[in-house]
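What follows draws every value from the coordinates through simple rules; no lab data is involved. Everything numeric here is computed off the predicted structure, so don't read it as measured data. Counting neighbours? That spans all protein chains shown, and the Cβs are built from the backbone with ideal geometry, glycine included.
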Amino acid sequence: MRTSATILCAALVALSFSSCQLLKGRYERNANARIAYLAEKKTAPAKTNIEGLWYSPEWGIVLFNQEPGGKLQGIFQDYYHVDGVVSGKNIYLALIDDEWTEYTVQLHRDNYDTITGYWSAHIPFSEEDQQPLTLKRIEK
C-alpha cells in the first residue's frame with residue numbers, strides 16, 4: 001500500500017512538472033510571436049506622436065507613453081499592458097495580460113484627435129477576425 005502511494009505521488013509530481021514545462025513553452029512562443037510581430041512592423045521612423053490619454057467607446061481609457069524612437073508602452077482599459085511601435089503614421093500594438101499577449105492592434109493616425117484601425121485576437125494580427133477600433137484624444 002505504501003509503495004502504491006509513493007508511486008502515485010511520484011507520478012503526480014512528474015505530471016505537474018511536465019504541465020509546467022508545457023505552459024512555460026506556450027508563454028515563450030506567445031512572447032516570441034509578439035516580439036517578431038512588432039519588429040516586423042517597425043519599418044520606418046515615427047512620424048507621429050500619440051503620447052497621452054485616449055478614449056474608445058468599446059475599450060475605455062487608453063494611456064500611451066512614446067519614446068523618441070517610436071517605442072510605445074502604456075495601459076489599455078486599465079487592464080492590458082501595451083507594448084508597441086510607431087512606424088510612420090501607423091501604430092502597431094500588442095495587448096498583454098499577465099505576460100500573455102491577448103490581442104494585436106493595427107492603427108493609423110488620421111488627425112491630431114483621432115486614431116482608427118482594427119484589433120485582432122491573433123498574434124500576429126489577422127484580418128480574418130479583425131474588429132474596428134477608434135481612439136479619440138482626451139488630453140496630451
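Data table
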| item | result |
| --- | --- |
| Only listed residue being assigned to a strand (DSSP E or B) and touching a strand residue (DSSP E or B) at 6+ places or on another chain (Cβ under 6 Å), chosen from 138, 50, 123 | 138 |
| Selection within the stretch 68-88 - under 15 Å from residue 38 (Cα atoms), surrounded by fewer than 20 Cβ atoms within 10 Å (Cβ to Cβ) and over 9 Å from the mean Cα position of the chain (by Cα) | 69, 71, 73, 87, 88 |
| Filtered residues of the stretch 120-140 (kept if within 13 Å of the chain's Cα centre (by Cα) and either touching a residue at least 40 places away in the same chain (Cβ under 8 Å) or more than 19 Å from residue 57 (Cα to Cα) (or both)) | 122, 123, 124, 125 |
| Condition met for residue 34 (charged (D, E, K, R), under 17 Å from the mean Cα position of the chain (by Cα) and buried (at least 16 other Cβ atoms within 10 Å of the Cβ)) | yes |
| Filter result (over 15 Å from the mean Cα position of the chain (by Cα) and surrounded by 13 or more Cβ atoms within 10 Å (Cβ to Cβ)) within the stretch 97-115 | 108, 109, 110, 114, 115 |
| Selection within the stretch 53-67 - surrounded by 12 or more Cβ atoms within 10 Å (Cβ to Cβ), in a loop (DSSP other than H, G, I, E, B) and not aromatic (Phe, Trp, Tyr) | 67 |
